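These notes concern the structure reproduced below.
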Amino acid sequence: MLYTTSMTEADLISACLSNDRLAQKKLYDRYCNAMYTVAYRITGDFELANDVLQEAFIKIFRGLDKFRQESSLGAWIKTIVIRTALSKIKQRHTYEALDNQHYEQAVNWGHSLDVEYLEKAIQALPEGYRAVFVLIEIEGYSHKEVAELLNISVGTSKSQLFHAKKRLREALKDY
């Protein structure tokens with residue numbers, strides 16, 4: 001089979017299911033950078049993100065026959081990477097059960113915030129705060145979806161996000 005950048009998703013999946021190693025490498029190469037970024041943002045640790053990426057792609061290749069094409073392949077892969085990353089950090093961290101008050105407050109980050117500085121501030125958050133913040137504010141998940149992914153209540157998700165934003169405001173107040 002000819003492996004080009006124009007190879008369709010269906011062709012790539014079919015070749016991977018036939019245990020075509022070049023197709024599997026192509027699939028990995030197509031998604032690895034974006035998925036590593038997601039894993040790193042959730043874990044906050046380069047080595048752990050590498051572990052997550054490796055474990056997630058093993059799950060992806062083993063479960064590719066279960067991909068029902070109800071979403072894009074990239075979205076399916078991203079879900080596996082996120083769940084793998086969350087599983088890894090859950091092994092190291094228990095989420096703080098905070099009060100179930102409703103916390104929805106927009107944050108004005110200003111116009112001149114350096115992306116690298118913001119990324120460092122996000123990575124400095126405690127794991128629970130960081131995971132909720134990344135999933136909601138960066139990846140676009142709802143509180144309900146985050147609660148299901150993390151096995152926490154919606155109130156805890158909202159509370160974690162509130163406290164994450166509060167810490168970020170404090171960390172970035174002099175910037």
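The values are calculated or read from the model by the stated rules, or taken from the named source; none is laboratory data. Quick caveat, the model's predicted, so the values are computed rather than measured. Positions of Cβ are generated from backbone atoms using ideal geometry, with glycine treated the same way; all protein chains shown enter the neighbour counts.
Structure notes:
- Residue pairs whose Cβ atoms lie under 9 Å apart, sitting 6 or more positions apart in sequence or on different chains, and linking a residue in region 36-52 that is over 19 Å from Leu149 (Cα atoms) to a partner that is of a type in the set (A, V, I, L, M, F, W, C) and surrounded by fewer than 17 Cβ atoms within 10 Å (Cβ to Cβ), do not occur here.
- Selection status of Tyr31, touching a Gly at 6+ places or on another chain (Cβ under 8 Å) and either at pLDDT 95 or above or among the hydroxyl-bearing types (Ser, Thr, Tyr) (or both): yes
- Within region 90-163, helices (runs of 4 or more DSSP H) holding 1 or more residues that are surrounded by fewer than 17 Cβ atoms within 10 Å (Cβ to Cβ) and at pLDDT 80 or above: 115-123, 143-150
- Verdict on Asp20 being among the acidic types (Asp, Glu), out of contact with any Lys or Arg (no Cβ under 8 Å at 6 or more places or on another chain) and surrounded by 13 or more Cβ atoms within 10 Å (Cβ to Cβ): yes
- Per-region count, region 39-83, residues small (Gly, Ala, Ser) and not in a helix (DSSP H, G or I): 3
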